[in-house]
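Throughout, read-outs are computed from the coordinates displayed, never taken from laboratory work. Only a predicted model underlies this, so the values are computations on that prediction, with no experimental measurement involved. For neighbour counting, all protein chains shown are included, and Cβ atoms are generated from backbone atoms with ideal geometry for every residue, glycine included.
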Amino acid sequence: MTLSLRSSTLLLAFFLAASPAVADPETVIYQFDDEITPVKQKSKAEEETTTKIAKNDPGLQISTRSQDIEALKSAESQQGMDAGSRFIQTLARRPVTSPTLEAPQKGELPPSNFPWKKDIVTTTFWIGQGASGYNSTMNKASAWDGKWKYSYGGEDKRHARDAGGLLPATFAAKENPFYIALPFNDVKYPKIAAKWIPWWDPVKAKNDRWKSQCKGRWVKIRSEDGRLCYAQWEDVGPFRYDHAEYIWGKERPTTYNKAGLDISPAVEKYLGLTGLDVCDWKFVEAHEVPEGPWLKYGEQAIVYKALERAEKAKRRASKK
């Protein structure tokens, strides 16, 4: 997706105005959770260590925070350069810091042993999609986000795409465009979840009864011609909400056309699918997710959401 010079400059202005820490060369914003958190600049020794790691592993792109600050200054001073886009590109080179969107940590953790679910009928859905002749579900909300369309930034229309079909064409996505749905809702069926989900944490379930332990989990998808894609579990479907025996057991999908996996338009485009296909899928851990648009655009979404929050905070402060 290409930001216009005016819109990207405004985004950057909101970000800088609402985040005084950026003006301090010792501090830069990198963590985008519920609140924007300043992260202190690394020491010289730490930066030298980071550079050594990058040299020893050419496949892992790492940049120091001071380098990122210099890149931002260069983007602002370079005539004709879209500063907002340059800043986002700079961030895209760094490992992702979101709790549910982590860059792979090579060689540190063992591979997972989740089994493949093979020959699964795969359908396409999208955020904001209206009801169809065979499905009355309105995707303005997800099973775990009552304002999913708002959280994402708009309707993720299947036929209005940018960036080679991977992004919505009319707005900046504020969540990862690589998302999927599977037919189980752990919030609605906690007892079934405790029985079947291998990563289930009863302490988390007790402390936050209404927070899903499935939302944001990574899956690996393989098309019939062997293409691979990675996406995050963000909704429940197709059709069923309680089919744990299929997701973690040996049962097969049972409803309508035997569909057992819903994919987003970005996943469909990346795999070269048509909307009604057959794929294999499996769960993977965050450290197993390789670099790709599923991380790149996921991180951009984090940046856009942080900019929006900064803008809203600035407006609230101006009204006081």
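Residue farthest toward the positive end of the dipole of segment 241-310, with Cβ of Lys/Arg at +1 and Asp/Glu at -1: which of Thr255, Gln300, Ala286?
Comparing the listed Cα positions along the dipole, Gln300 ranks first.
Could you count how many Lys pairs in segment 118-201 have their Cα atoms under 20 Å apart, skipping same-chain pairs fewer than 8 positions apart?
Lysine pairs satisfying the spacing and distance rule in segment 118-201 number 10.
Once the other residues with Cβ under 9 Å from the Cβ of Lys174 are scored (Lys, Arg +1; Asp, Glu -1), what is the net sum?
Around Lys174, the surrounding residues sum to -1.
By average Cβ neighbour count within 10 Å, what is the ranking of 145-155, 232-242 from highest down?
With the highest mean Cβ count within 10 Å placed first, the list reads 232-242, 145-155.
Which of the peptides 261-268, 167-174, 120-127 is most tightly packed, and how do the rest follow, judged by the mean count of other Cβ atoms within 10 Å per residue?
Listed from highest to lowest mean packing, they are 261-268, 120-127, 167-174.
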